[in-house]
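The values are calculated or read from the model by the stated rules, or taken from the named source; none is laboratory data. Since the structure is predicted, the reported quantities are computational estimates derived from the model, not experimental observations. Here the Cβ positions follow ideal geometry from the backbone for every residue, glycine too, while neighbour counts run over all protein chains shown.
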Amino acid sequence: MLLQMEGITKSYGNVTANRNVSFNLRKGEIHALVGENGAGKTTLMRILYGMESPTGGEIKLNGKPVTFGSPTDAIKHGIGMVHQHFMLFPSFTVAENIVIGREPSRAAFFDRKAAAEETTRLAKQFGMPVDPWKRVGECSLGMQQRVEILKVLYQGAEIIILDEPTGVLTPLEVKELLAAIKELARQGKSFILISHKLQEIMEVADRITVLRDGQLTGTVNASETDEEQLSRLMVGRELVQLSRRETAAGQAVLEVSGLTIRGSKTKPLLDNVNLRVNAGEIVGIAGISGNGQSELLQAIAGLAQPDGGTVKLMDQDVTGAPVHRIRATGLAHIPEDRYLWGVSKEADVTENGLMGHTARHERYGILRRGKVRGMVAGWVERFGIKTGSLDTKAQHLSGGNLQKLIVARELAQNSPFLIAAEPTRGVDVGAMEIIHSELLKKRDEQGAILLVSSELTEVLKLSDRILVMFEGRIVGELAADAATEEKISLLMAGGKAVG
């Protein structure tokens, strides 16, 4: 056995993140680690990578006990980790990011040519082509993911930990990454894959270990299980099948006409976009990341100024209006980037829950804190948000639990219109079930929802109508009963829908 983690326990005061967890890894294996948000997956891997010290238990590498006091120790023993949020320098080139910390030199100076040559050699050896001279800030997210993996390979990693590696990738980039992981495993590299996406796990993993509430609930061979069994192991119950009932759409809640954002390049970021969202319907937007979806949502929400066109919400012109006015008119917003737009990391759970609700929870200028805490505590229970207390800072919550807090907060606005951008990004199957059912409930109560998701299955499952964006334009509209992944994928690539 290449790696053994035996009886690992990790406690933070009264909170136990891992309780007597055992995990092992074979050479050349892809071993997936799954579980609900806050189940202890990332904590276990942070211990393996030397970022945390275990309260109890032992780690063995090639049968010999080892201890890691820092990531540097782990790297020296051939263990590398690619984090959920990339740790790259955007202004540096691909080669500079890969060799950083172990830079080739010539006459005591950094040898950029040697760094580029080494990057090219490494990329060719492992079948992960990159442009060594390109600045990382100009690379797609899929290419940045590739750079992160090449960086740990350059450091000599034999064991590679991937934490939610496909969370921000397009479907094509996901396929390319999974193919690269399989090829690297074939060459003898060993992977630990943390992911919520069971379909991807079933496609690539050899074995799967499930954690629930910090404890091991099972390790199974991927060939001997299915998504349903894994879901049961993760949440401890059968998931409820989503039920969509037909409803009649009402009056227009959002009307966008000729919306244009020029940007700094030749092609506009948004090019004469027209759309409508009615009461009692979910309109889904599909498209490869970077084709104008972000700019469209920002223009609607008041986070970006359009160069042309109009945005009408509840029959009021809110084009270019301040955010607070647009929200007061009737908009709630689950943002695509929870850290940039959704939370304040330094604020606690209660304070983050209060955002957007201040006016309704103050009296004569005094905040009624008891009512606020009761409101947020209700969300914590209803959405299964795992937090030490309501006073825990947002930065100490897992990404999935932060996402659940934001979704709960925005749904509680009871606004007539909701932007739901990547609403289930980074959440587990149990939380996804809750979020999907809450979105459908809002729609059934005549709420209007504009859904943007990189997950085609999510768009197909929830939407009444589907719009597809390509190069800043809406290039197609499909009714839910006529939409297929094939038709949408064709439109996403700039083709025309058939049939």
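Of all residues in the range 369-382, none are in contact with a strand residue (DSSP E or B) (Cβ under 9 Å, 6 or more places away or on another chain) and modelled with pLDDT under 85. Just one of the listed residues (268, 306) is surrounded by 15 or more Cβ atoms within 10 Å (Cβ to Cβ), touching a residue at least 60 places away in the same chain (Cβ under 8 Å) and more than 30 Å from residue 25 (Cα to Cα), and it is 268.
Given the criteria in contact with a Leu (Cβ under 9 Å, 6 or more places away or on another chain) and more than 18 Å from residue 448 (Cβ to Cβ), does residue 335 qualify?
So residue 335 fails the test.
Flag not set for residue 225, criterion: at pLDDT below 85 and not assigned by TED's automatic domain parsing to the domain that holds residue 444.
For every residue, the table says whether it meets (1) of a type in the set (A, V, I, L, M); (2) in contact with a strand residue (DSSP E or B) (Cβ under 9 Å, 6 or more places away or on another chain); (3) at pLDDT 90 or above.
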| position | (1), (2), (3) |
| --- | --- |
| 355 | yes, no, no |
| 367 | yes, no, no |
| 405 | yes, no, yes |
| 410 | no, yes, yes |
| 426 | no, no, no |
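Can you name every residue in the range 246-273 that is among the acidic types (Asp, Glu) and in a loop (DSSP other than H, G, I, E, B)? Within the range 246-273, 246 is the sole residue that qualifies.
Suppose the filter is among the charged types (D, E, K, R), surrounded by 19 or more Cβ atoms within 10 Å (Cβ to Cβ) and either in the same structural domain as residue 426 (by TED's automatic domain parsing) or touching a residue at least 12 places away in the same chain (Cβ under 8 Å) (or both); does residue 346 pass it? It is false that residue 346 is among the charged types (D, E, K, R), surrounded by 19 or more Cβ atoms within 10 Å (Cβ to Cβ) and either in the same structural domain as residue 426 (by TED's automatic domain parsing) or touching a residue at least 12 places away in the same chain (Cβ under 8 Å) (or both). Looking at the range 176-242, the strands (runs of 3 or more DSSP E) lying wholly inside it that each contain 2 or more residues that are of a type outside the set (Ser, Thr, Tyr) and more than 29 Å from residue 142 (Cα to Cα) sit at 215-221.
Checking each residue in the range 120-162 for being acidic (Asp, Glu) and under 23 Å from residue 290 (Cβ atoms) picks out 131, 138, 148. Residue 370 meets the conditions (1) in the same structural domain as residue 479 (by TED's automatic domain parsing); (2) among the small types (Gly, Ala, Ser); (3) more than 19 Å from the chain's Cα centre (by Cα) in every case but one. The failed one is (1).
Which of the residues belonging to the range 324-341 are modelled with pLDDT of 90 or more and either surrounded by fewer than 19 Cβ atoms within 10 Å (Cβ to Cβ) or not hydrophobic (A, V, I, L, M, F, W, C) (or both)? Within the range 324-341, 324, 325, 327, 328, 329, 330, 333, 335 qualify. Scanning the range 311-330 for residues that are in a helix (DSSP H, G or I) and of a type in the set (Val, Ile, Thr) yields a total of 3. In the range 250-265, what count of residues is obtained for those that are closer than 21 Å to residue 480 by Cβ and surrounded by 18 or more Cβ atoms within 10 Å (Cβ to Cβ)? Residues flagged as closer than 21 Å to residue 480 by Cβ and surrounded by 18 or more Cβ atoms within 10 Å (Cβ to Cβ) within the range 250-265 amount to 3. Restricting attention to the range 274-291, the residues that are modelled with pLDDT of 90 or more and not in a strand (DSSP E or B) add up to 2.
Okay, residues lined up against (1) among the hydrophobic types (A, V, I, L, M, F, W, C); (2) outside any helix (DSSP H, G or I):
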site: 296; (1), (2): yes, no
site: 299; (1), (2): yes, no
site: 309; (1), (2): no, yes
site: 332; (1), (2): yes, yes
site: 372; (1), (2): yes, no
site: 380; (1), (2): yes, no
